[in-house]
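Scroll down for the structure; my scribbles are underneath it.
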Amino acid sequence: MEHPKYKIALIVGAGEGLSASLARLLSAQGIRIALAARKIEKLGALCTETGAKAYACNATEPDEVERLFGLVEREIGTPDLVVYNASGRTRGPFVDLVPADVAQAIAVSAYGGFLVAQQAAKRMLPNQHGAILFTGASASVKGYAQSAPFAMGKFALRGLAQSMARELSPQGIHVAHFVIDGGIRSAARTDPADKPDSMLDPDAIAQSYWNVLQQPRSAWSWELELRPWVERF
């Protein structure tokens, strides 16, 4: 069976690291790229490198998300691959957490994912084709001390993905959630000299996203866990 072909990708919550690796990989595959973030000034170099177009959007605002999809449709085309890579967190002892900060963290991690996925699904269902990918974390399955808001948001995002996969997969939409269980390597966050490959390489993560996208529909994954070989779980 021929693998599905994707033409236009929208990455929401774009920045350096995983989003940049995804943009480079997808662009190399001939896929046109749209990048969305609250602040797009940081995306200039990546847009130049990949030919992507950047859009400012607060993913927690329904009107802004709807406007984002409308702009991408008019200026590039209808996305048939959407990645939600945004997350919010606030840390501290449970009794000291500020309710407004907790609400915002959950809104970014989970509610924004719902808003983006809903707009994506509305456009994919008529063609019975598309993929919606969610970036999770260790906190998707493990609630750590002094990190309740992040766990709440990521648990909710995982539940959203699972529910969507059960509903939309039979209609041709591949929904997948990725548990990124470990630290992601960056220029500011490198592997200790005595522990090589103890952090996730963002290019390697992006390759796993691509591998899932190439799955024949007779053997789709709805979730994939990724962790360095030395990471405990």
* Asked: How big is D for the chain, in µm² s⁻¹ as a whole number, if Stokes-Einstein is applied with the Kirkwood radius of its Cα pairs at 37 °C and 0.692 mPa s?
  -> 182
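Ignoring ligands, DNA and RNA, what percent of the accessible area of the range 29-134 is carbon or sulfur (1.4 Å)? List each step's numbers first, then the result.
Details: 2580 of 5280 Å².
Its accessible area is 49 percent carbon and sulfur atoms.
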* Relative contact order of the range 152-228: what whole-number percent is it, with Cα pairs under 8 angstrom and at least 6 residues apart? -> 37
* **Whole-Å distance, taken between Cα centres, linking the range 168-233 and the range 58-95** => 21
* What accessible area, in Å² to the nearest ten, does a 1.4 Å probe give for residue 71? -> 30
* **Solvent-accessible area per residue, Å², over the range 1-118 with all protein chains present [probe radius 1.4 Å]** => 50
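Among 38-44, 111-117, what's the highest-first ranking by average C-beta atoms within 10 angstrom per residue?
Working: 38-44: 13.4, 111-117: 25.0.
Descending packing order for the listed peptides: 111-117, 38-44.
Rounded to the nearest 500 deg cm²/dmol, what is the calculated helix-only ellipticity per residue at 222 nm for the chain, with -39500 (n - 2.57) per DSSP H run of length n ≥ 4?
Values: 7 runs with 86 residues, N = 233.
That comes out to -11500 deg cm²/dmol.
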* **Under-5 Å amide H pairs with residue 81, H placed in peptide plane, nonlocal only** => 8, 10, 131
* Under 24 Å from residue 122, Cα to Cα: lysines that are on another chain or at least 8 residues apart -> 5, 7, 53, 154
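The values are calculated or read from the model by the stated rules, or taken from the named source; none is laboratory data. Keep in mind that what you see is a predicted model, and the values were worked out from it rather than measured. With ideal geometry, Cβ positions are generated from the backbone for all residues, glycine too; neighbour counts draw on all protein chains shown. These area figures cover heavy atoms from the full protein model, side chains too; ligands, DNA and RNA do not enter into them. Shrake-Rupley method; radii C 1.70, N 1.55, O 1.52, S 1.80 Å.
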